Structure formats: structure tokens, C-alpha cells
1. Starting from chain B, pick out the chymotrypsin sites (Phe, Trp or Tyr not before Pro) whose DSSP state is loop and whose Cβ has at most 15 other Cβ atoms within 10 Å.
2. Name the lysines eligible as straight-distance cross-link partners of B:Lys46: C-alpha to C-alpha under 30 Å, and not fewer than 8 places from it in the same chain.
3. Dividing the alpha-carbon Rg of chain B by 2.2 N^0.38 Å yields what?
4. What spacing in nm lies between the two simple spin-label points modelled at B:Tyr6 and A:Lys51, each 7 Å away from Cα in the Cβ direction?
5. Rounded to the nearest 100 Å², what's the accessible area chains B and A bury against each other, both chains counted, probe 1.4 Å?
6. Based on alpha-carbon atoms only, what is the radius of gyration of chain A relative to the globular estimate 2.2 N^0.38 Å?
7. With angles folded into 0 to 90 degrees, how steeply does helix B:77-96 sit against the dominant principal axis of chain B? Use alpha carbons for both and round to 10.
8. Given N residues in segment A:131-284, what is Rg(Cα) / (2.2 N^0.38 Å)?
Amino acid sequence: MKASKSLKYQGHKLNSTEYQIEILNSEAVGNVPLFQDKLAQQQMFPLTASKLDTLQVNVGYMCNQTCQHCHVDAGPDRKEIMTKPTMKYCLDALKHGNFDTLDLTGGAPEMHPDFKWFVEEANKQNIKTIVRSNLTILVANKKYHDLPDFFKQNNVEITSSLPFYTKSRTDAQRGQGVFQSSIKALKMLNEVGYGLEKSDLKLNLVYNPTDSFLSGDQLTLQNQYKKKLKEDFDIHFNELFTITNMPINRFLDYLQKSDNLEDYMSRLLDAYNPNAVPNLMCKNTVSVSWDGFLYDCDFNQMLDIKVNAYNHIKNFNIKSLLNRSIQVNQHCFGCTAGAGSSCGGALS
Amino acid sequence: MKDNYYDPKGLKNFSKIKDFQEPLGSKFFEYYNAVFKEGGLTKREKCLIALAVSYATQCPYRIDAYTVNCLENSTDKTQMMEAVHVGAAINSGATLVHSV
């Protein structure tokens, strides 16, 4: 599996978050109204938190893959990882914030040297732990081969990207050899009980379009995936989530290079679904970056738009977070397009 | 539309067919939306049929719209091309049959 280089490593202009925000608010995206004005039209601006149930922790941008559409700009050349003291602050916040879910993401969270410790400590709090695994990490190196058993012992819920049930589409987006490795990893997970009908071990897959289009119907795609993965590989899983590609980092780079930025933003705007707004994940999630800063979501994190509250995990303040107004910008049209999009799939 | 008859941005103006004939335009859209609802055929199958017909009738707006719809419904490009050939076969057959 040949990985290319991150935007940061390339010294790309898009490595600047200010520049990305500037583009998203410029004529380059065409005639797109301000997202906050769309919210105001339905009396939903400012957007506020409804509750806090999920702490999504990005433990670092290091990854064994360099996927074409990655909004994180993760890759093997990224060295940013969370320190253990910051992880301890996260565990404290989990307890004091009464969160019911810890959502671990990256990069490849499994590559973090304290990953297992973090999961075990979180497990002591009797909450749900989700690990966003890219699957290929399980087979990338012998030291990760025990992860399926580790996940099982700690009752981890696994959510993994599989752009499609064919090699050509998956490898086109995530790199040569990813599909084959993903199938191998899924079989390993099925073998220990993940995704099976009578098992409590949850294995979910994530679909995102391989081009500048929106997703089709989530349930229809889920049925297709289940049928094909079972027929072709005898692989089972629980749910499929559809996610919209966000015009951030490498996907923004792709949109610019393919001269699709204006069309894509227009597509997102045309598909604006006001019914998706009440269920937006920023209303019940707080995102933590590798260096401990707080964001309304992973996408705001990648654009370095910090929360409108005490914004570091060491100053975690539940009241300040519950009373905050959520920071929005033009990329938010991605989460309100069509059936809406979130880390848990379609919103409506 | 200075140099071309077709402007891709024109696709967004399709609803303007109601401008001079609102009742008929509305009836058209009601019928159109009903046709494309999931029924005995899935939305995906209907998109592929629409794609084939779009090519056979050579409407660039419909070609644009249904190419996107097919891709959004996770139809791959080999399947789409197969549908285009179905349209081509029917269209050319209609030409040839008049020779007999």
C-alpha cells in the first residue's frame, strides 16, 4: 500500500486553515449564502448545544494511510499525537461531563502508543467507546494483530470506513491494496464475534462518495453492502453510515484541482435540508484535538475554529459548553445536505 | 448564453417551465416526481433507465442530471456505460428497422 504525502508535508497552501476558510467564503465557491443566514431563516441561529453525550477525542494525525479525501490530512508523515496527561484530562472530562460515549478518532487511533491504556481506562467508567478504525491498521503490522481480541475484551464499538464493496472504488479513494486489507481485517473481526447477528459486539461501516457527489439513501446502500459482502466474502456487519465529504483539507484540494469546488458547494446548498439541523452532531458532541483544544466537531477542529467557551480540556467546564453558541462556517453545508451527515451517518 | 445553445447553469432553471403555464407545469412535476418514486423498480433502476433515455434523446441537461443521480445511487461507471449502450441499441434499432 503506497501512501502519498500530506498537505502539511508538501508545504501546500491549504495547510493554512485561515486560507481554507478564506476560500470557502470567497467567490471561488460561487453564489452561496452564509450558512448562519440559512439557519437564521429557520430561527435556528445561533446554533446551541442541546445536551452533551459524546466526547470525540482525536488522539493524533498519524495514520498508515493517506486517503485522497481525508478531511484530517492524516498520514504517516504526521507526527502530532496526544500526550498521556492530555488523555488523563479527557478521562476526567468524561466523568465530570456525564458523557455516555467516548468516540476515538485520528489518524489511526490504534497507532497511538497509549491507545490501549486509554481504552481500558475509559472502559472502567462504564460508557460506550467507539473506535474509528481504518481496518487496514489491524493487518498492517504484527503488533496490531491482537486488536480484535482487545476490542472484544473492552466491548469497543468499531466504526470503519469502507468506501465501497468493490476493490476498484475503495482503492481509488484510499490507496492500492486497501480493499484487500480491509476484507482481511473484517474477517478477523467477524471471527471474534463482531458484526454477527446475535452478538453484542458492534461493527459498523461508513460509506462516503468517491467523488464530488452526495450519498444515496443510507438504508438502500446498507442493504447492497450487506448482500455483496455476505455473498462475495461471507462478511457481516451491523449498520452502514453514509457521510458527506467535507470541503476541507485534501478533499478541498481535490475539488480545486478538478475544478469542482463551485459545483460541489452549489450541490450542497441545493440539498440543504432544514430537518437535519436539530440533529446536527455539534449539538451533542465536543471534539478534542491531539493538543487538548476543544471544538464543536471534528471539521471545526480541522479548520481550527475553537469552541466559543473555555476551550482547553484542562479547563473543562460543562456549564460553559452547554451554554455556548456553536461556531458555524460555510463547510457546515456538508452536514445539512440531503439526509444530513454526521459521524453516525444520515440525520434524517 | 452568448455562444452556446446550452448552458449547464440552465439545468437549475428547469422549474421555470411553470412561468407561462403554471397549472400544466405543476402537473408535469407532480407526475415526474411520482414516476421516480420507489415502486416495483428501485430508484437506482429508474435512474439507470433515465440515463439510457437521456442519451438516446441526447438531452444534455438530463445526461448531466442522471449521471450525477446514478453516481449518487452508487451505480458504477461500467454499469452506466452498459445502460448507455442499451439506449444506443434501441435508438439505432429504430433507425435500422425502417429500412426493412
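1. The qualifying sites are B:Tyr5, B:Tyr6, B:Phe20, B:Phe36.
2. Cross-link targets: A:Lys167, A:Lys226, A:Lys227, A:Lys228, A:Lys230, B:Lys9, B:Lys12, B:Lys16, B:Lys18, B:Lys27, B:Lys37, B:Lys77.
3. With N residues counted in chain B, Rg over 2.2 N^0.38 Å equals 1.24.
4. 5.2
5. Buried area between the two chains comes out at roughly 900 Å².
6. With N residues counted in chain A, Rg over 2.2 N^0.38 Å equals 0.94.
7. Taking Cα atoms only, the helix is inclined about 80 degrees.
8. Segment A:131-284 yields a ratio of 1.12.
The values are calculated or read from the model by the stated rules, or taken from the named source; none is laboratory data. Predicted model only: the values in this text are computed from it and were never measured. Virtual Cβ from ideal backbone geometry, glycine too; neighbours counted across all protein chains shown. Accessible surface areas use protein heavy atoms only, side chains included; no ligands, DNA or RNA. Shrake-Rupley method; radii C 1.70, N 1.55, O 1.52, S 1.80 Å.
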